[in-house]
Structure formats: structure tokens, C-alpha cells
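The values are calculated or read from the model by the stated rules, or taken from the named source; none is laboratory data. None of these values were measured; they are calculated from a predicted model. Positions of Cβ are backbone-derived with ideal geometry, glycine not excepted, and every protein chain shown enters the neighbour counts.
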Amino acid sequence: MSTSTKDPASPAFPPDFLTVEEAARIARIGRTTAYDIAREFEATAGASGLPVVRFGKQLRVPRYRLESWLGGPITWPILTDDTAVAPPVASITAATSAKRTTRRATRPPDQDTLPFPA
């Protein structure tokens, strides 16, 4: 039994078709811009814009066309700003909760009881 070097289920290899959002993250452009230039590709019959293929109502970006559009192979998995080193949530929560204090009403020293009869 031979093992394939390109396993489609493996996260080490990119899929053949990417979503417009995935292509946008790879190209480091915004989602709206990516959809705008994908629609430009359709409107100009492929003369300019982000290369896409329409599957019903969905747009997909062929990986090989994206790589030629970008001028080289893409890296996978997609590295985003979210995968960068982020501070742990516990330290953020601890720092935020330390700043919060409860404000209590203070009475004048000569007023030990309520101002109205009980």
C-alpha cells in the first residue's frame, strides 16, 4: 500500500479551491476588497481581478490561479494576526478585574441612622 505525499485531509497541504475569505487572508487584503476584485474578474471575463470560479452562488478561488496571480506558492495553513503571540486571557482578566472597585455611599459621621423614622 503506497502512501500519497499529498493527502487532501492533511492540514499541511492547501485545498485546490479556497474561499474568497481565505484568499483574502493569504493576499493580506480585506474581505470586502477581495469580493470587489473577484466581481471585477467576473465582469471583465478574467482580464483583471482575483481569479474565481462560480459554483452556483458560491465563489471559489482555484489555488493554482491564486498562486500565479500572487507570483509564487502560498503557505499553508494560513497565518493570521490571530495566530500571532497573544497575551493569555487569564492575565488580561486579572489585570482588568484588579482595576475595578466598588463604590459605596458614605454617610456623614454624625448620621448613624436613616433620615426618616422606621
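Yes/no per residue for (1) among the small types (G, A, S); (2) surrounded by 10 or more Cβ atoms within 10 Å (Cβ to Cβ); (3) modelled with pLDDT of 65 or more:
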position	(1), (2), (3)
S2	yes, no, no
F13	no, yes, yes
S48	yes, yes, yes
R60	no, yes, yes
R63	no, yes, yes
G72	yes, no, yes
A84	yes, no, no
T96	no, no, no
Which pairs do you get when a residue that is of a type in the set (A, V, I, L, M, F, W, C), found in the stretch 1-24, comes within reach of a residue that is at pLDDT below 80 and in a loop (DSSP other than H, G, I, E, B), reach meaning Cβ atoms under 6 angstrom, with the pair 6+ apart or on two chains? F13/K6
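Of the residues R54, R65, R60, which single one is touching a helix residue (DSSP H, G or I) at 6+ places or on another chain (Cβ under 9 Å), closer than 23 Å to A12 by Cα and either among the acidic types (D, E) or touching a residue at least 12 places away in the same chain (Cβ under 8 Å) (or both)?
Details: R54 fails: closer than 23 Å to A12 by Cα; R65 fails: touching a helix residue (DSSP H, G or I) at 6+ places or on another chain (Cβ under 9 Å).
One residue alone meets the criteria, R60.
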If we keep only residues of the stretch 21-46 that are assigned to a helix (DSSP H, G or I) and of a type in the set (D, E, K, R), then the residue surrounded by the most Cβ atoms within 10 Å (Cβ to Cβ) is E22
Is it true that L79 is of a type outside the set (D, E, K, R), modelled with pLDDT of 95 or more, part of a loop (DSSP other than H, G, I, E, B) and surrounded by 10 or more Cβ atoms within 10 Å (Cβ to Cβ)? no
Test result for I37, at pLDDT below 95 and either more than 15 Å from the chain's Cα centre (by Cα) or not acidic (D, E) (or both): no
